[in-house]
Structures are given as structure tokens and as C-alpha cells.
Amino acid sequence: MAKLTGLKKIKTAVFISGTGSNLKNLIEFSRIKKSPISINLIISNSNKAKGLNFATQYKIKKKIFDFKDNENDILFLLKKDKIEFICLAGFMKILSKNFIKKFKGKIVNIHPSLLPKYKGLNTHSKAINNKDKFSGCTVHYVTAELDSGKIILQQKIKIEANDNLDSLAKKVLKQEYKLYPAAINKIFN
Ligand code: GRF
């Protein structure tokens, strides 16, 4: 991935499906002078995603695609808007091989587990049911194989005896807000 040169920020799209708290965090990060990225487009697969409100709040262009048979339209829009980098943030659809190939090495994702442990869904309940002592989050490159691309950064947290699904999810999410910007800085600086 090209390093950041001069003051030009890397035009970035964030893909979401739900609450969008990572999106909000990334938008705030992107607006720091030293941030390597600007967020120019928000894409959601659902018009019900709460995170879309941040597009309005921060005046960022938003688009909704169901990701069924319109990936070419999405690629067209990304090209038109000169998007160079994609952050998945709570995005629940699986991108096609063709899509990933078109953005090879330029799509990253945040996942709420210590990958390669617990790929896919329900990571927190898996960690609790297995009585794990640690959980955490991972930022990684997106490849055709789910949650398997090269790891950029990872943060470990301790699971306490009194942690439940809710408390663990909150603790991990709090770390996600630090990890995602740190991973982006690592990529571009
Ligand atoms: C986060 O835990 C993220 O790691 C996972 O989905 C959750 C999304 O939360 N992929 P939010 O929509 O960013 O609030």
C-alpha cells in the first residue's frame, strides 16, 4: 500500500451494516489533521443501519446497496468517487472474490476476536462458553477467505470471571476504537 505523501489524504469508503460506532470513531479519527485518511463515502447493505445517521451528522455521502447482484454498480461508484481504500466496520456481507481482487490489499476489516481464533459470528459467546482467559480484537486485510487475511494489529484483553456477553462486547469495542485508527496509521505511516 502506498505511503502517505504530502497532505493529501487517502480517499476512504466505510462499509457498515448496523450501529456504526466504529464508523463514528473512524470519522472522528479521519478529521484529525495527521490522519492519513479522509472518509468520503459510507456504504451500507441495509437502509435500517443506525450508523447511516452518522453520514447525515458528519455530512458524508452515503449509499445503500443490497450486495446481491449489484457489485458492479458499487465498483463503478467507488471508481467514480476515486475511493482508494475501504474499511469494513461491522459489515455483515461477504464480498465476492472479484470485488476483493479489484481492491486487492486495499480492504481492511475489524473483527472482535483474537484471530485466527473465532472467525465468523458470535465471537464473544464462543470465548465465554470456552472459558477463555483472553479475548480481543484484530484488524486484518480482507481476502477471499473469511477473516483470514494478514493481521495488521491485534489487541488482547482479559476476560474476568464476572464478564458476560454484554460486558465483554463493551470491553472489546472500547479497544476496537483505539485499534482501528492505530492499524490505519500503521498501514500509511
Ligand atoms: C464490532 O464489534 C466489529 O468488530 C464487528 O461488529 C461490531 C460492529 O460494531 N465486526 P459497530 O457497528 O461498529 O458499532
Legend entry - Check on ILE16, within 17 Å of the chain's Cα centre (by Cα) and without any contact (Cβ under 8 Å) to a residue 40 or more places away in the chain: no
Inset, instruction - Evaluate the stretch 69-78: report whether one residue or more is open to solvent by 20 Å² or more (accessible area, probe 1.4 Å) and either part of a loop (DSSP other than H, G, I, E, B) or within 16 Å of the ligand (Cβ to nearest atom) (or both). - result: yes
Inset, instruction - Return only the number of the condition from (1) surrounded by 14 or more Cβ atoms within 10 Å (Cβ to Cβ); (2) within 15 Å of the ligand (Cβ to nearest atom); (3) within 20 Å of PHE15 (Cβ to Cβ) that PHE188 does not satisfy. - result: (2)
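Residue by residue, here is whether (1) open to solvent by 10 Å² or more (accessible area, probe 1.4 Å); (2) under 20 Å from LYS93 (Cβ atoms) holds:
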{"position": "VAL14", "(1), (2)": "no, yes"}
{"position": "LEU23", "(1), (2)": "no, yes"}
{"position": "SER38", "(1), (2)": "yes, no"}
{"position": "LEU41", "(1), (2)": "no, yes"}
{"position": "ASN45", "(1), (2)": "yes, yes"}
Legend entry - Only one of PHE54, PHE15 that is under 21 Å from ILE184 (Cβ atoms), within 13 Å of the ligand (Cβ to nearest atom) and not in a helix (DSSP H, G or I): PHE15
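The values are calculated or read from the model by the stated rules, or taken from the named source; none is laboratory data. Just so you know, these numbers come straight off a predicted model, no measurement behind them. Cβ: placed from backbone, ideal geometry, glycine included. Neighbour counts: every protein chain shown. Surface accessibility is based on the protein's heavy atoms, side chains included, excluding ligands, DNA and RNA. Shrake-Rupley method; radii C 1.70, N 1.55, O 1.52, S 1.80 Å.
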